[in-house]
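Since the structure comes first, as C-alpha cells, the remarks are kept for the end.
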Amino acid sequence: MRVVSGIQPTGNLHLGNYLGAIRNWAAMQDSLEPGSEALFFLADLHALSQPHDPAGLSAATLEMTAALVACGIDPGRSVLFNQAQVPQHAELQWLLNGTARMGWLNRMTQWKDKAGKNREGQSVALFTYPVLQAADVLLYQATHVPVGEDQKQHLELARDIAQKFNNDFCTEDAPVFTLPEPIIPAEAARIMSLRDGSAKMSKSDPSDMSRINLSDDADTMAQKVKKAKTDPEPLPSEEAGLAERPEARNLVGIYAALSGQSAAEVLAQYGGQGFGTFKPALAELLVTSLAPIRDRFVALKEDREALDAILARGAAKARERGAPTLDAAYKALGLVRH
C-alpha cells in the first residue's frame, strides 16, 4: 500500500487547516502497516495556477513544512517533500497532457468555479492543474489517495488518464500506471470563523479574531474563544437544536473535534448551560490540545536549515521512487532518452 497526498502551501496556518486536513495525515501515517508507505508533499507547483507572490510562496512552503512536522508527520517514517525539488512531477504532467482530453478538463467543477465567467483570462496552468494532480499520484504508483468531496472528481480524472494511457500504449499484462483507489477519511471537521458561523475559518479574513492560528499563544487562544460570536441562548441538549445557530454549532464542533467526541456527546455534557460555562471549557481544551503543536511549530519555522534538510531528504527519496515510472512512461511513448 502506498498513500500519496499533497497540500498547497499557505501561510498563517490555523485551526481549520489542522482539524480539516493535517491531523488526518498524521493519523494515516500512524495506521500504516509494515511495508506500506506514505508520501506527503507541498504542492508549490500548483500555486502557479493562480497569481502569487514568489517570496510569500517560498516562506509559506517552509512554514507548512514546519506545521506538518509539528502536527505529527515524521520525516523518518513518511516521505515529506515539495514538488519543485522533484521535476518528475512536471515531466510526467507533460507526458500525460497527450492522453488527457479537453472535454474531461472542461467538466472539472473546480475549473468552472475558479475561472468564473472570465475563462479566456485564466492561466493555462489553472485549466490543466488536474493533469498535474494526476501526475502527482501516478508517478509513485499510488495505491490509495485520501480525498474529500471537492477532490473526488480529480481522482476519477487521474484514473481515467491512467486507464487510457495503459490502453493506448501498454500491453494488458504490463501497464505503466496503477489505478489509485480513494480513501474517504472520516468526515473532516469543518471549522468556521469565530466571527461568522456561516463562513469558513480563513487566513484571508481581515479579522485575526476570526481564527485560531497555530502560532497563537495560550492567552491569545483563550481571548479569541472568549470573544467568539455567540447567541444569548444556552446550549441545547440535542443536535437538532443547533440547526439555526451557526456560531453555537461551530464551537460545539470544535470541542467535539478536539476531544474526539461527537457533537451529541458534547451536548449531553453541556446542554442547558450557557456560553459563560462552555467557552472557558473550550478554551482550556484548545490550549491543552494545541500548546505542544504550537511550541514545536514556532521553534521549527525559525529553523530554516532544519526545514531545508527535511525537504531535501524527502525530495531525494521521492525522485528515487518516481524514476522507474517516468522511465516506463517515456519508453511506452517511444521517446528516446538515452
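Each reported figure results from applying straightforward, stated rules to the coordinates on display, with no laboratory input. These numbers were taken from a predicted model, which means no experiment stands behind them. Glycine gets a Cβ as well: all are built from the backbone with ideal geometry, and neighbour counts include every protein chain shown.
Cα to Cα, under 20 Å, and not fewer than 8 places away if on the same chain: which aspartates and glutamates meet these conditions relative to Lys226? Candidates past the 8-residue exclusion: Asp196, Asp205, Asp208, Asp216, Asp217, Glu247, Glu284.
Extents of the stretch 248-338, largest first, come to 73, 34, 15 Å (Cα atoms, principal axes, whole angstrom). Scanning the chain for DSSP H helices at least 20 Å long along the axis (C-alpha atoms) with a Kyte-Doolittle mean no lower than 0.5 picks out 54-70, 124-138, 275-301. Using the Cβ of Phe41 as centre and a radius below 14 Å, the other residues enclosed give a net charge of +2, where K and R count +1 and D and E count -1. Only lysines eight or more places from Lys117 in sequence, or on another chain, were considered; none has a Cα closer than 18 Å. Stretching the chain fully between Leu333 and Ala299 yields a gain of 7.5 nm (0.36 nm per residue, less the alpha carbon separation). Label-to-label distance, Asp231 versus Glu149, with points set 7 angstrom from Cα along the beta-carbon direction: 2.2 nm. Listed by chain and number, the aspartates and glutamates whose alpha-carbon sits under 19 Å from that of Lys317, ignoring those within fewer than 8 places in the same chain, are Glu37, Asp44, Asp74, Glu91, Asp136, Glu305, Asp308, Asp327. The charge dipole of the stretch 208-300, taken about the Cα centre with unit charges on the Cβ atoms of Lys, Arg (+1) and Asp, Glu (-1), comes to about 220 debye, rounded to the nearest 20. Using a cut-off of 23 Å between Cα atoms, the listed pairs Lys114/Lys200; Lys200/Lys227; Lys203/Lys224; Lys114/Lys203; Lys114/Lys164 include Lys114/Lys164 as exceeding that distance. The distance separating the Cα centre of the stretch 86-131 from that of the stretch 159-178 comes to 21 Å. Take the Cα pairs of the stretch 153-202, get the Kirkwood Rh, then feed it into Stokes-Einstein at 4 °C and 1.567 mPa s and tell me D in µm²/s. My calculation gives 92 µm²/s for D. Extents of the stretch 208-300, largest first, come to 42, 24, 19 Å (Cα atoms, principal axes, whole angstrom).
Counting only Cβ charges, +1 for Lys and Arg and -1 for Asp and Glu, the dipole size of the chain around its Cα centre is about 580 debye.
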